[in-house]
Each structure stands twice: as C-alpha cells, then as structure tokens.
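What follows is one structure encoded as structure tokens, with my remarks underneath.
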Amino acid sequence: MTDTQAPASVLAIDDHALLREGIAAVVDGEAGLRYAGGAGTAHEGLALFRALRPDVTLLDILLPDRSGLDLMATLRAECPQARIIVLTTYRGDALASRALKAGALGYLLKSMLQSDLLAAIHAVHAGRRYVPAEIAIELSARLGEQDLSARELEVLRRVADGSSNKRIGADLGISEQTVKGHLKNILGKLAARDRTHAVTIALQRGFFSV
C-alpha cells in the first residue's frame, strides 16, 4: 500500500457483539485494512452497507431478522461489485455451494476466523475467491450430484417438522402420491435409507437448519 492508498474498509454483519469486537480488533491491527463498522441485524447491516459502501463485507448466514443469503442478494442487486465473505457455524457443502452460487467470494466457518480471517479478507479484496481447503474438499466430493429442487426441499422440511405425507400434501396443495414421489427422489439424491436418514443428511450438509 502506498501513502496515497486508503486502507480497505471492512463491514461485519453478525448478531454476536463479541464476535464483531474480535473482528474489529483483528482487522484494525492489520496494515492495509480498516474496520468500518458492525451491525447485529440484517436491517442495520443494509443501512450501514448503503452508508459506508465497504470494500469487503463479512456476513453471517443466520441473522435474527432475515436470512444472510437473502440479504446478500439485496446487497449485490444494489451493488453488483460487492465483495462478500459468508460467515457460518455450519460446515455443510450444500450451504457453501448456495452461498458461492449467490455471489459470495469467500466462505468461512467461525471456528476458522483466528487462522483464516485476514487471508480471506485480503484475497476477496483483491477479487479472488477464498474457500478453506476442508470446505473445498467437501464441495469437490459432491461435484456432479443433483441438488434437491425447491419443492423437494419444501417436502423434506416438513418431514423434519414431523408432518405425515398426507399433511405435507395438504399443506403444499399436492396429492399424497406426489409427496411419495418427491420422497423417493430425495432418498435417491441423498443416498438415504429412509426419510429420517434423509433429514439427518440434509441437516449435516446444510440444505436447511432447524
């Protein structure tokens, strides 16, 4: 960085104040970076993003008032060049895949912040992707596998809630036979033994959370 270059600004959107404080301390201690601010909700985060236009945004995927992925879509719609690193406690490959497909340049588990945060910020600020090796390995292991469709996810979420096939059909406006067809497809795509096993796999891989 030359004397005329401003440090790269970093915004953190996460509902844990202590985590934001830790990020601030690490970022402000690094040459070439500046902690611009932090927000605990999607609403606050959107307002700060609009006001600050940070160079890099750290975004928790689970916020109290709105999905982080949904917020990311809004940020990128308003600012297509937004450089976003998703933060999460979930290591599932499906969640990482969704985040990266939605436009995130980085994906970090919160347990990796101490070791990978600065490297991730520098990489993403430079326009490169940053995905830790263990997440990349999980992603590559699933290459070529079929994703669950939106309707299959709806069915599986209701299975996770304990709904019967009949109730799922009524809720979604489809026949019980159609529900069974969706479940057959789900079991095949996830290589699951039964519906309970399918829910377990879906949770582990980050298709949804409960």
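Key figures for this structure:
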quantity: Residues being open to solvent by less than 60 Å² (accessible area, probe 1.4 Å) and acidic (D, E) - total across region 162-176; calculated: 0
quantity: Selection status of A36, surrounded by 17 or more Cβ atoms within 10 Å (Cβ to Cβ), in contact with a strand residue (DSSP E or B) (Cβ under 8 Å, 6 or more places away or on another chain), more than 24 Å from G206 (Cα to Cα) and at pLDDT 95 or above; calculated: yes
quantity: Matching residues in region 4-34 - criterion: being touching a Phe, Trp or Tyr at 6+ places or on another chain (Cβ under 9 Å), in contact (Cβ under 8 Å) with a residue 24 or more places away in the chain and either over 15 Å from L118 (Cβ atoms) or among the aliphatic types (A, V, I, L, M) (or both); calculated: V10, L11, A12, I13, I23, V26, V27
quantity: Criterion violated by R76 - all others in (1) under 23 Å from Y35 (Cβ atoms); (2) surrounded by fewer than 22 Cβ atoms within 10 Å (Cβ to Cβ); (3) out of contact with any Gly (no Cβ under 6 Å at 6 or more places or on another chain) satisfied; calculated: (3)
quantity: Residue count, region 46-63 (criterion: in a loop (DSSP other than H, G, I, E, B) and at pLDDT 95 or above); calculated: 3
quantity: Filter result (surrounded by fewer than 17 Cβ atoms within 10 Å (Cβ to Cβ), part of a helix (DSSP H, G or I) and hydroxyl-bearing (S, T, Y)) within region 87-138; calculated: S111, S115
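The values are calculated or read from the model by the stated rules, or taken from the named source; none is laboratory data. All figures in this text were calculated on a predicted structure; none of them were measured in a lab. In this analysis, Cβ positions are derived from the backbone assuming ideal geometry, glycine residues included, and neighbour counts consider all displayed protein chains. Surface accessibility is based on the protein's heavy atoms, side chains included, excluding ligands, DNA and RNA. Shrake-Rupley method; radii C 1.70, N 1.55, O 1.52, S 1.80 Å.
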